[in-house]
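The numbers here are math on the coordinates, done by the rules we state, and not lab data. Note that this is a predicted model, so its numbers are computed, not measured. Cβ: placed from backbone, ideal geometry, glycine included. Neighbour counts: every protein chain shown.
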Ligand code: G3I
């Protein structure tokens, strides 16, 4: 199995080269009796480079129609080493008419990312939402076959280009029931999720296959436990699952839980990777962003973090200002906190160091 770091080795190796150069420079300065730098020489200056130094990626959800906005792409290209298409790989976008697939916008994002050494997370192959009209009207074995064909066709199109797929999205109900969400897909039979995973594995054996959901961050919640039990069952029965995505949309109604690290480590202990897939936090408190990053860094199998948009104005919850960059593209305090956490608590220099 190729892991995401191996598939995405350009940022990491670039970061390593930079770190090596920095270390060499420190050595020369030290030999010359110069003052040693006040910060760790390996401290990165962008989210992607700093995450790569920790063996992880740092990604953003990207919208194809924003790739012509140079203010947007300047930040994207500078800061991130992973990309998730925000809407362009969804069922309604990729199969608007049954059997007619359109990949133009998704391909644009994939091309933009891969040509710059960024990895791509695929989102999402099977979901009760964002279904095209033809699928919404289907049921039973016809729907099951249509869903499996969709998974196969889309995963095959992007074979080798997507490091991880959100194969199934949001299949569990909210609240305390721990039950599956009712949907046309669920009504095709409880085994629809594992059928989707098997089809995805057959279509792209090299991609990591994830189950992705929201409100699965608090370890004590019934929904978290229900997903945990499904993943444990899949691992026991050999259903091909490699990772769990925690969307982690935090706000006053669904706050960052103090046991988040327990949730990450508990999933990881099942033998899957854990990825934070859609992070945004109402009002972007620096402390909470720092906690999320430190929780991920504390769990070896937490392999990366994706924020759900770049600037506040790009967010699906723009009124909550939940992201790392202001609408005009300035770094927010939460950005500094995330970068410092990725750098192990050190703050990178804002100007080139002098030898005094
Ligand atoms: O592109 C059309 C445009 O042509 C039309 O004029 C306009 C009118 O409403 O709609 C536009 O499409 C919208 C699309 O975003 C692009 O902006 C859809 O209506 C709107 O429903 C869609 O919302 C997306 C939402 O998923 C759909 O479920 C959000 O951008 C996207 O951020 C959000 O992402 C989800 C993840 O996939 C799963 N987890 C939750 C997360 C947040 O809701």
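Its convex hull of Cα atoms gives region 271-341 a direction-averaged projected area, equal to a quarter of the hull surface, of 4.5 nm².
Just order 103-114, 52-63 by mean Cβ neighbour count inside 10 Å, highest at the front, would you? If you can, show how the numbers build up before the last one.
On the way: 103-114: 18.2, 52-63: 24.7.
My ranking of the peptides, most packed first, is 52-63, 103-114.
Would you mind estimating how fast region 146-251 diffuses translationally, via Stokes-Einstein at 25 °C and 0.890 mPa s with the Kirkwood radius over Cα pairs, in µm²/s? Could the numbers behind the result be given before it?
Details: Rh = 14.2 Å.
In µm²/s, the coefficient rounds to 173.
Taking each residue as 0.36 nm, the span from residue 294 to residue 225 lengthens on full extension beyond its C-alpha to C-alpha distance by 22.6 nm.
Projecting label points 7 angstrom from Cα along Cα→Cβ for residue 70 and residue 191 puts them 5.6 nm apart.
Would you mind estimating how fast region 34-184 diffuses translationally, via Stokes-Einstein at 4 °C and 1.567 mPa s with the Kirkwood radius over Cα pairs, in µm²/s? Each step should come with its number before you reach the end.
Values: Rh = 17.4 Å.
In µm²/s, the coefficient is 74.
For the chain, the longest principal axis of the alpha carbon atoms and the long axis of helix 222-237 meet at an angle near 80°. Hey, quick one: spin label on residue 116, modelled 7 Å out along Cα-Cβ, who in region 154-191 has an amide N within reach, i.e. under 20 Å? Taking a point 7 Å out along Cα→Cβ of residue 116, the residues of region 154-191 whose backbone N falls under 20 Å are 161-164.
Sort 89, 230 by Cβ crowding within 10 Å, fewest neighbours at the top. Intermediate results must be reported in sequence, preceding the final value.
Details: 89 27, 230 20.
Placing the least packed residue first, the sequence is 230, 89.
Extent along the principal axes, Cα only, for the chain: 75, 42, 41 Å, with the longest axis given first.
Ranked for footprinting exposure by Cβ neighbours inside 10 Å, fewest first, 278, 194 give 194, 278. Checking the a/c ratio against 1.5 first, then a/b against b/c, what shape does the Cα gyration tensor give for region 198-356? Since a/c reaches 1.5 and a/b is larger than b/c, the shape of region 198-356 is classed as prolate.
Between residue 313 and residue 235, the modelled label-to-label distance comes to 4.4 nm, taking each label 7 Å out from Cα in the direction of the beta carbon. Taking springs between alpha-carbon atoms closer than 10 angstrom, which of 68, 141, 129 fluctuates most in the Gaussian network model of the chain? Highest fluctuation of the listed residues: 68. Counted by neighbouring Cβ atoms within 10 Å, the residues 177, 50 run from fewest to most as 177, 50. Estimated from helices alone, the mean residue ellipticity of the chain at 222 nm is -12000 deg cm²/dmol (sum of -39500 (n - 2.57) over DSSP H runs with n ≥ 4, per residue). Size of region 120-195: Rg and Dmax of its alpha carbons, in Å, are 12.9, 39.
Rg/Rh for region 40-117: what does it come to with C-alpha atoms and Rh from Kirkwood? Intermediate results must be reported in sequence, preceding the final value.
Details: Rg = 14.9 Å, Rh = 13.7 Å.
Here Rg/Rh amounts to 1.09.
Using only Cα atoms, find the angle between the long axis of helix 104-114 and the longest principal axis of the chain, and express it within 0 to 90 degrees, rounded to the nearest 10. Taking the Cα atoms of the chain, the angle to 104-114 is about 30 degrees. Summary value for the chain: 17 percent relative contact order, contacts being C-alpha pairs under 8 angstrom separated by 6+ residues. Restricting attention to the chain, close to 10% of DSSP beta bridges with both partner residues there are antiparallel. Helix 333-342 and the long axis of the chain differ in direction by around 80°, with both axes built from C-alpha atoms.
On full extension, the segment bounded by residue 159 and residue 136 gains 5.6 nm, given 0.36 nm per residue less the C-alpha separation.
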